[in-house]
1. From (1) among the acidic types (Asp, Glu); (2) surrounded by fewer than 19 Cβ atoms within 10 Å (Cβ to Cβ); (3) touching a residue at least 40 places away in the same chain (Cβ under 8 Å), pick out the condition that doesn't hold for Glu179.
2. Out of Arg75, Arg110, Arg81, I need the residue that is touching a strand residue (DSSP E or B) at 6+ places or on another chain (Cβ under 7 Å) and charged (D, E, K, R). Which one?
3. Taking the conditions exactly as written (touching a Lys or Arg at 6+ places or on another chain (Cβ under 6 Å) and outside the structural domain of Ile303 (by TED's automatic domain parsing)), does Asp541 satisfy them or not?
4. Any residue in segment 183-203 that is of a type in the set (Asp, Glu) sitting within a Cβ distance under 7 Å of a residue that is in a strand (DSSP E or B)? List the pairs, counting only those 6 or more apart or interchain.
5. As an exercise: evaluate Gln93 against (1) within 26 Å of Val229 (Cα to Cα); (2) touching a residue at least 24 places away in the same chain (Cβ under 8 Å); (3) not in a helix (DSSP H, G or I) and give the number of the one condition it does not meet.
6. Among residues belonging to segment 34-49 that are at pLDDT 95 or above and crowded, with 24+ Cβ neighbours inside 10 Å, point out the one that is farthest from the ligand (Cβ to nearest atom).
7. Would segment 203-222 turn up any residue that is closer than 22 Å to Asn480 by Cβ and of a type in the set (Lys, Arg)?
Amino acid sequence: MTIRDLKKLSSEVYDVLVVGGGAHGATVAYHAAKAGYATALVEKGDFCGATSANSLKILHGGLRYLQHLNIQRMRHSITARREMMQLAPHLVQPLACLMPLYGKGLRGKRVMQTALFLNDCIGWDRNQGLPAEIRLPGGHILSKNKCLEAVADLERKDLHGAAVWYDALAIDTERLILEYILESIKYGARAANYSEATALEKGDDDFYHVTIRDLFSKEHYHVKTKYIVNAAGPWFEQLARNTEKKIKNQKWALALNLVSKKKIFDEYAVALEGISKYADKDAIIKRDKRLYFFVPWRGHTMIGTEYVASNASPDSLQVTREMIQNMVDEVNSIYPSAALQYKDISFYHAGLLPMRDESGEGNVQLEKNSSFFEQTAQNFSRVITIKGVKYTTAPRIAHEIVRFLGGKLSLKQSIRKVPAAVKPSVPLNADHKELLHLLENRYGPRALHILSSIQAEEDDSIWIDEAAGLLKAELEYLINEEMACRLADVIFRRTGLGTAGCPDRNLLKKIAECMGEDLGWDTTRIGQEIKNVMHRYLPLDL
Ligand SMILES: Cc1cc2nc3c(=O)[nH]c(=O)nc-3n(C[C@H](O)[C@H](O)[C@H](O)COP(=O)(O)OP(=O)(O)OC[C@H]3O[C@@H](n4cnc5c(N)ncnc54)[C@H](O)[C@@H]3O)c2cc1C
């Protein structure tokens with residue numbers, strides 16, 4: 001059982017306490033626990049509930065970095081992407097990306113063909129250890145006619161063809177991060193959501209004493225640890241300021257994606273140039289427009305990413321009607337056949353990402369690489385802060401941090417062995433096979449566990465809602481084994497039922513009532529939980 005237990009979590013002494021359960025915190029916890037460090041992770045909201053739930057879901061191999069001739073960065077993306085695909089093959093799939101080619105010379109077909117060839121060579125080991133169905137094929141060039149067959153209604157003037165390459169699509173970014181946390185727990189880590197690190201101080205015993213507040217009971221716990229990894233994403237300064245007086249004011253960009261109910265492209269994720277001017281300062285091969293991706297996903301289209309400089313606090317980040325309408329207008333200018341309307345938008349992704357100082361008005365430049373640094377204040381060494389710009393490369397940063405811990409700071413490792421997974425022995429009839437298939441798509445090898453508990457039930461109705469594909473046993477599992485504490489955890493971060501658009505209110509009510517039975521919610525609380533889920537769709541027209 002991986003239940004949320006802050007009493008237990010605070011009763012042990014750790015080598016590493018990770019603050020933040022997004023892509024960076026989760027991957028650090030996994031690699032630290034796997035390496036044998038006594039590890040704990042605390043997250044003030046739900047796991048993967050902030051920036052990491054808001055990505056375009058593309059696990060990049062870094063073809064774009066060829067523009068910068070940054071081979072090392074490409075390798076980091078390729079190996080990190082492979083690790084994620086290996087850890088949770090049921091949550092990823094190959095994504096064919098297509099970019100129409102309009103230019104000549106450096107932006108023409110020949111140069112692009114060479115770039116695709118180099119991309120394949122640099123990523124020669126991209127499929128090593130991956131199951132056949134998720135392996136990524138090599139890139140190729142399409143003729144003008146084939147390009148127009150694949151993507152209708154493109155601007156034809158000066159079109160020469162298209163470049164096609166393969167990245168990976170993380171179908172469910174939230175569960176992918178959860179997989180890292182669940183795996184870290186298998187390696188002996190402790191983790192708790194809705195647990196905020198509110199203060200840290202160095203004790204006479206040379207350990208950090210970190211105060212953790214349980215967001216439900218409001219109780220405070222104290223955790224003793226040698227090292228702290230500050231993986232608090234856009235909150236990193238708040239935590240780092242406790243220990244580092246010299247920290248500069250970080251600038252931030254608000255990144256925005258739209259999710260449209262309208263399927264715009266079917267077969268490919270299509271990359272089209274935006275209208276506004278954009279200068280990528282580091283690019284050797286310049287393009288003066290930002291690329292927007294139109295990504296087919298769950299019968300919808302994700303479109304992104306737009307960036308604007310922002311002073312918003314991460315606690316009160318708001319996306320306005322005007323911001324969404326502006327992006328809808330931009331999409332229609334880029335690809336008029338989309339004929340997108342405000343009412344087509346069923347969801348959006350928004351988050352704050354670290355921006356470079358020299359970004360100009362309307363020309364946002366994100367920090368070039370994700371990075372980490374150790375606090376310099378003498379009595380606050382051993383606090384490591386992460387500044388992350390990419391979901392894809394989080395495992396790479398995690399590797400580097402664990403190496404840093406092991407090398408420079410010479411922790412003693414005692415490799416823990418993961419107990420072999422106990423597979424419930426389930427005799428499968430035809431109905432069970434169908435259920436297993438459904439569950440495996442969400443839970444991978446954990447599906448059998450859920451299936452075995454279905455059989456243990458006497459009740460003849462196994463569903464909470466058959467159309468939504470949600471089983472009673474599944475909800476039990478999510479509450480008892482995956483720390484789902486709120487309706488929003490189930491809707492957005494465990495099942496993905498609400499990540500492409502707002503589920504039917506009756507479905508929300510059914511799920512909330514079932515959770516209420518387990519968690520002791522009264523009708524007022526059930527109403528609040530539903531309201532809280534609906535709030536996530538503002539200011540969209542539902
Ligand atoms: C719209 C958009 C599109 C993007 N598209 C892509 C893409 O296609 N591919 C890609 O690779 N990347 C993409 N990114 C970037 C990527 O999503 C982020 O770089 C990455 O997810 C950041 O992860 P993180 O763990 O650093 O931060 P977060 O995910 O924000 O995690 C930090 C966590 O720390 C917690 N926390 C903060 N303070 C405390 C505290 N005191 N105690 C406990 N917990 C605390 C927060 O609640 C939060 O959950 C995109 C980002 C956005 C916004």
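The values are calculated or read from the model by the stated rules, or taken from the named source; none is laboratory data. Just so it is clear, the model here is predicted, and its values are computed rather than measured. When we count neighbours, we look across all protein chains shown, and the Cβ atoms used for this are built from the backbone with ideal geometry, even at glycine.
1. (2)
2. Just a single option satisfies the conditions, and that option is Arg81.
3. So Asp541 passes the test.
4. Every condition considered, the pairs that remain are Glu196/Ile212; Glu196/Arg213; Glu201/His209.
5. So the condition that Gln93 fails would be (1).
6. Thr39
7. No: segment 203-222 contains no residue that is closer than 22 Å to Asn480 by Cβ and of a type in the set (Lys, Arg).
For every residue, the table says whether it meets (1) small (Gly, Ala, Ser); (2) part of a strand (DSSP E or B); (3) within 15 Å of the ligand (Cβ to nearest atom).
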{"residue": "Pro296", "(1), (2), (3)": "no, yes, yes"}
{"residue": "Tyr307", "(1), (2), (3)": "no, yes, yes"}
{"residue": "Val319", "(1), (2), (3)": "no, no, yes"}
{"residue": "Glu330", "(1), (2), (3)": "no, no, yes"}
{"residue": "Leu340", "(1), (2), (3)": "no, no, no"}
